[in-house]
Amino acid sequence: MNAPLTPSNDNESTQPMAELDICNSMIPASKQPCIECPFREANGDIPAPQGWYDKENFERVWASVARENKYFPCHMFDSPDNTGYDSRSEDMGLRKPVDLGKPKECAGITAMIHKEVELAAEYPDWESYISARPAGLQRDAYDKALRRIAGEGLPMTKPANPDKAKVFDPAARVTTDSFAWKLGDAGVQAMLDVVQGVMDDIGVSLPTCNCNLCQNHETVHPAEVLTTATGDKVKVDAALHPLLTALSTAGVRTTGSCQAFYEAMQALVPENIRSLASDTTNGVTYSVPLRRREAFIRFENRNPAERKLVKALRNRDWLHLSDGRVEGQISFPLARVPELLTVAQSL
């Protein structure tokens, strides 16, 4: 077998490991995929709650790793609440997850990554490899895998016995001509952000969301009517109403909020907790307030008031700030609302 291909020299196309800051927030994978791992061939398409073993779920997760350069946690070592473990899981004989305090990387995923790196070494260059295996590791993800294997960032655990717990081959299980694979979750979101920006500019609003979480949110958290910075009237959690009012008065265009996101998810859409909690990207993501069991506020991130808010909230150790190109988000303990209200009133 040839030596592994070398990482790209184009620093613009790769994500520095320091930027991901994953070492402090994730535990390295085990040396062998667990008996329930959805990425083992033996577990293919087993009927299970929330489609854990479906081909569609495999494609979604592998796209997030191979295309979007994300990490994926093992469902066996996380809060049962985050994984969506319930009575249906118990009835199937699935083991109750063990909460280690922070997620542990999935050994099935690391096994597939190691397998792809070994296969790539059989080609003269990455371009030849990806041409032959279009569902393989894209350039950034491949470069990151090589760096991790070399000892940079979160250790890339190598399977102890790959033949004993054989994992799927993405080439045989991924449909690469799908819209989701070609754009990925990040690409789809970026496109939606652009569409939303255009709609904002011409004064057109998206239809009201009809999901159970939005439609029945008031059954979990009492609501009050808020007049937003754009003049719309929407219902928001009463506990956040004074803060959201101050932000709107300052010109901050809020787009979503919840005083206790996990509580609302658990009450209304528990089946969606696992998919949201497994998103470990550094962007604007619901996984942050979900895992931190906190309140959150999302907002447009383009006008002077919004940029001033972001600047004012930096370097606060009790708050998680996501500073996206189009959208921003803060996740915070509900008890900190008075401090945030003071900031909002000073904008």
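Do we find that Ser331 is more than 21 Å from Leu244 (Cβ to Cβ), of a type outside the set (A, V, I, L, M) and touching a residue at least 24 places away in the same chain (Cβ under 8 Å) in this structure?
Criteria not met by Ser331.
Looking at Gly151, is it on the phi > 0 side of the Ramachandran plot and either in contact with a helix residue (DSSP H, G or I) (Cβ under 6 Å, 6 or more places away or on another chain) or outside any strand (DSSP E or B) (or both)?
Answer is yes for this residue.
Could you check, for the stretch 133-145, whether at least one of its residues is modelled with pLDDT of 90 or more, closer than 25 Å to Asp54 by Cβ and touching a strand residue (DSSP E or B) at 6+ places or on another chain (Cβ under 8 Å)?
For the stretch 133-145, residues modelled with pLDDT of 90 or more, closer than 25 Å to Asp54 by Cβ and touching a strand residue (DSSP E or B) at 6+ places or on another chain (Cβ under 8 Å): absent.
Test each condition in (1) over 26 Å from Gln215 (Cβ atoms); (2) in a helix (DSSP H, G or I); (3) of a type in the set (A, V, I, L, M) for Leu347 and report the one that comes out false.
(2)
Going residue by residue through the stretch 296-311, is there one that turns out to be closer than 27 Å to Ser64 by Cα and assigned to a helix (DSSP H, G or I)?
The answer is no; no qualifying residue exists.
Suppose we filter Asn272, Asn216 for residues that are of a type outside the set (Ser, Thr, Tyr) and modelled with pLDDT of 85 or more; which single one remains?
Asn216
Scan the stretch 196-206 and give yes if some residue there is more than 20 Å from Ala63 (Cβ to Cβ), of a type outside the set (Asp, Glu) and modelled with pLDDT of 70 or more, otherwise no.
No - not one qualifying residue is present in the stretch 196-206.
Could you list, in sequence order, the residues of the stretch 88-112 that are assigned to a helix (DSSP H, G or I) and at pLDDT 85 or above?
If the condition is that a residue be assigned to a helix (DSSP H, G or I) and at pLDDT 85 or above, then Ala107, Gly108, Ile109, Thr110, Ala111, Met112 are the ones that fit.
I'd like to check something: does the stretch 224-242 contain any residue that is in a helix (DSSP H, G or I), touching a Phe, Trp or Tyr at 6+ places or on another chain (Cβ under 7 Å) and at pLDDT 90 or above?
There is no residue in the stretch 224-242 that is in a helix (DSSP H, G or I), touching a Phe, Trp or Tyr at 6+ places or on another chain (Cβ under 7 Å) and at pLDDT 90 or above.
Given (1) touching a Lys or Arg at 6+ places or on another chain (Cβ under 9 Å); (2) assigned to a helix (DSSP H, G or I); (3) crowded, with 17+ Cβ neighbours inside 10 Å; (4) at pLDDT 90 or above, where does Ala171 come up short, assuming only one miss?
The one condition Ala171 does not meet is (3).
The values are calculated or read from the model by the stated rules, or taken from the named source; none is laboratory data. Computed from a prediction, not measured in an experiment: that's the story for all the values here. Heads up, the Cβs are rebuilt from the backbone with ideal geometry, glycines too, and the neighbour counts pull from every protein chain shown.
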